[in-house]
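Take a look at the structure set out below.
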Amino acid sequence: MFLYSNKLRSLVWGVLCSSILIVSAQQLNIETTPKTMDILSQFENRFNVLDSVIFQSPERDRFYSEIFDSVFFEFAEMERVPQIDAETDARISALKNRTGLEFRGQAYVRPGHNISYDPDDPLVAYNAKVQAEIQWNIFNSSVYKRKSRIKELTIQGELDQLNFVKNDLDEQIMFQKQQVRFRHYGRMLSIYNLHYENLRLLMETQVYLLEHGKISGDDMLKLINEQMEIERQLVSIKADSVVNELPAPTSIAYISLTDTAGIFRSIKHNNIEIKKLGLRHELLDLKKQNTDYVQTMDILPFVRYSYYNRENVHNTYNLDVGVSFRLPISKEVSKQRKVLAAQQDVLAYEQQLLESETTNGIFLTFHDLEIYNENILGEFLRMKKLKEYLEMRKTSYYNVDGEYSRIDRLREYNAYLQAWERLMEYSYRRDMILLDLQRYLLTEPISNYIQFKEYY
């Protein structure tokens, strides 16, 4: 008896639905055929799908917490390049081992009597000589300006490190942008698919109605343009092979709030380009300090031993202690210092330009963020109003006495989807700009200066 009752209810429900579809087709002045029944059935299915998405139980959207947990808060600490440190240590070690000591020697013989010397002069009468000498080039040793020259090498090593850090930072930001793009595109793809299925059904219906002379070609042209635009968006997104995931239409809008004062303070201490300019300025100061006339001189204290092999008398030797020197006569050093001073002037101008460009760039970025936040909030409020409208219309459609235009109803859903698409597009562009700010902060995460305010 129970089984019979269930079968009876199913049969009655099926007959009722079929009757409704037949009446709908008749009221459209279209002949009731399997095609019209199929189209009307598709409309009912689309309405059910869209209602399940738009009017599901609102839950707090985890979208932005997911992005921040997996992207903004996972900015890896950039490590020093050990090979550069090893090269710097080797250069410093080489400098420290520069003693400036030199050993020189010579040995020679004279060919014979009356040719190369006078045998009757005992002072010059020797036929062979050996001479050894040790001299100390003080200004070419590590003793002279040792600390400042070591510091010069150290600063150059830090500059090399920063160049590699900048490359590493660029790679990380590219990776983070890719992750944000995949997450946003996955959400946007689901919305575009909903929109595309609606347009596909509208196109199928419009073609059928056009064949029966119920609409004009102008309506078809508008629909074709809209469908082609959605197809273009789908092709562009699918090129990234993102996962198709659907965001809940939450009643919360996320607006980014940026600590502008904190970012400017951090830039002064962490920005790579500003750090590099500071090191380059310090390096030029040291080079100018280490460039002087003294380092061009050769002042060589020496100890020299000479041994003479003589004929007919005993051999002799002598030990000499002295200083030899060489003093260049030119203005080369003063010219070199002028070159370094000119480079400092250029560097100061470069720093001025960098600070101006950085400040202007950040202010423009903040301005763009403000615009996107306003657009996001505007689209959110639009979606909220449209959702209220759709809910009201849904109740009216269920209570209508007679027939209504399913085409118009589906277009109302499309208006909601279009606002949703714009909301996701603005959010995506806003998050990309937030990641661009990371370039100014080196290793300090941009998330330290971002908060999201929720609008219900």
Solvent-accessible ranking of Thr395, Thr358, largest area first, probe 1.4 Å: Thr395, Thr358
If I ignore ligands, DNA and RNA and count only protein heavy atoms, how much of Val207 is accessible to a 1.4 Å probe, in Å² to the nearest 10? 60
Ser334 to Lys129: FRET efficiency via 1/(1 + (r/R0)^6), r the Cβ-Cβ distance, R0 60 Å, to the nearest 0.05? 0.90
Residue by residue through region 162-167, what is 3J(HN,Hα) from phi via Karplus (6.51 cos²θ - 1.76 cosθ + 1.60, θ = phi - 60°)? Round to whole Hz and write x for glycine and proline. 5, 4, 6, 4, 4, 4
Between the alpha carbon centres of region 150-199 and region 409-446 the gap in Å comes to 16
Normalised per residue, the volume of the convex hull around the Cα set of region 302-345 (Å³): 112
Just subtract the alpha-carbon distance of Glu87 and Tyr398 from 0.36 nm times their residue separation and send over the number in nm, one decimal. 104.1 nm
Got a number for the accessible area of Trp420? Probe 1.4 Å, square angstrom, nearest 10. 10
Linear extension gain, Glu357 paired with Asn312, 0.36 nm per residue minus alpha-carbon span: 7.4 nm
Point-charge dipole on Cβ atoms (K/R +1, D/E -1) for region 328-403, about Cα centre, debye to 20: 360
Just report the Cα centroid separation between region 322-369 and region 269-308, whole Å. 17
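The values are calculated or read from the model by the stated rules, or taken from the named source; none is laboratory data. Since the model is a prediction, treat every value here as computed from it, not as a measurement. No Cβ is skipped: glycine too gets one built from the backbone with ideal geometry, and neighbour counts run over all protein chains shown. Surface areas here come from the heavy atoms of the whole protein model, side chains and all, with no ligands, DNA or RNA. Shrake-Rupley method; radii C 1.70, N 1.55, O 1.52, S 1.80 Å.
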